[in-house]
Amino acid sequence: MPLQELRNRIIGFAAHMGRIGHQSPEAVARGRNWIGANGDVTEDGRALIAALDDQQETRSVFRGNF
């Protein structure tokens, strides 16, 4: 998957989680170490997307287009 698509999915998931302390989705993703300070996808971010993809066929609140 292209890096920009990974980043967009991470930001989308962070937005879906809600804004924590009025932070932007990017700030939430950085705070969870899903993206680095420079905006690159981290290993934690890749693990997040892999976990979400694993749940894609399940009936879960996390199922969706992330």
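The values are calculated or read from the model by the stated rules, or taken from the named source; none is laboratory data. Quick caveat, the model's predicted, so the values are computed rather than measured. Positions of Cβ are backbone-derived with ideal geometry, glycine not excepted, and every protein chain shown enters the neighbour counts.
The single condition from (1) in contact with a Leu (Cβ under 7 Å, 6 or more places away or on another chain); (2) at positive phi that G39 fails is (1). Would you confirm whether or not the range 57-64 contains a residue that is assigned to a loop (DSSP other than H, G, I, E, B), small (G, A, S) and at pLDDT 90 or above? No, the conditions are met nowhere in the range 57-64.
Selection over the range 1-32 of residues that are touching a residue at least 12 places away in the same chain (Cβ under 8 Å), outside any helix (DSSP H, G or I) and surrounded by fewer than 17 Cβ atoms within 10 Å (Cβ to Cβ) gives a count of 1.
Do we have D53 as modelled with pLDDT under 90 and outside any loop (DSSP other than H, G, I, E, B) here? So that I can check it myself, show each step before the final result.
On the way: modelled with pLDDT under 90: yes; outside any loop (DSSP other than H, G, I, E, B): yes.
So D53 passes the test.
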